[in-house]
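Each reported figure results from applying straightforward, stated rules to the coordinates on display, with no laboratory input. The structure displayed is predicted, hence computed values, not measured ones. For neighbour counting, all protein chains shown are included, and Cβ atoms are generated from backbone atoms with ideal geometry for every residue, glycine included.
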Amino acid sequence: GHPVSIAYNPTAKDFPKYARTMVELIGVEKTLQYTQTYGGHIVYFRAWQDDKSTWKESTSNLVKIIGVKLAKKVVAEFKGESFTMPRCSLVMARVTSQRILDDYFLNGFTSIQLSKKYKRHERRIRQIIEQHQREWIKVYKTMRLIQKVGVE
């Protein structure tokens, strides 16, 4: 996974209803992975079956992304319920922007590299960087100073 960002760490309250429950069960990162692929899709979980051949598509897809142990928790919570998984667009946009900023200011990526990595137009990458440049230069300088001095 991606290292935890300095400025934006979403919590369950940042997510829409069903995704909020998922965050409480499996965490932010796994919920984002799941909603990236299945946000906007209708999902339905039957009661947990250990026999893979009886799994419906929703259960198989969930297991692929989060593993059996966490999938059991999700299925137990939502069994028999059919709902549209939220896309979590606002949270995803903020997390992606944060990752772009981390990569630019902390990891030395160029806007061209970021454009390819995040599949965004280079102009959009530059907008994100410019919007946050002042605050990030302060954060970056502080982090460089801490690294030099060796304080944790």
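If the chain between Arg124 and Thr37 were fully stretched, how many nm would it gain, using 0.36 nm times the residue separation less the Cα-Cα distance?
Length difference between fully extended and current span is 29.1 nm.
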(request) Name the most mobile residue of Lys52, Lys17, Lys30, meaning the one with the largest mean-square fluctuation, in a Gaussian network model of the chain with Cα contacts below 10 Å. (result) Lys52
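How much net charge surrounds Ile100 when only the other residues with a Cβ under 15 Å from the Cβ of Ile100 are counted, with Lys and Arg +1 and Asp and Glu -1?
On the way: positive: Arg94, Arg99, Lys116, Lys117, Lys119, Arg120, Arg123, Arg124, Arg126; negative: Asp102, Asp103, Glu122, Glu130, Glu135.
Here the charged neighbours net out to +4.
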(request) Quick one: angle between helix 28-38 and the longest Cα principal axis of the chain, in degrees between 0 and 90, rounded to 10, please. (result) 70 degrees
(request) For helix 68-78, report the angle its Cα long axis makes with the longest principal axis of the Cα atoms of the chain; keep it between 0 and 90° and round to the nearest 10°. (result) 70 degrees
(request) Any chance you could give the angle, 0 to 90 degrees and rounded to 10, that helix 57-66 forms with the longest Cα principal axis of the chain? (result) 40 degrees
(request) Ratio to report: Rg/Rh of the chain, with Cα atoms as the point set and Rh obtained by the Kirkwood method; give two decimals. (result) 1.08
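Any of Lys64/Lys138; Lys72/Lys117; Lys73/Lys141; Lys13/Lys138; Lys17/Lys69 with alpha carbons more than 31 Å apart? Name them for me.
Lys64/Lys138; Lys72/Lys117; Lys73/Lys141
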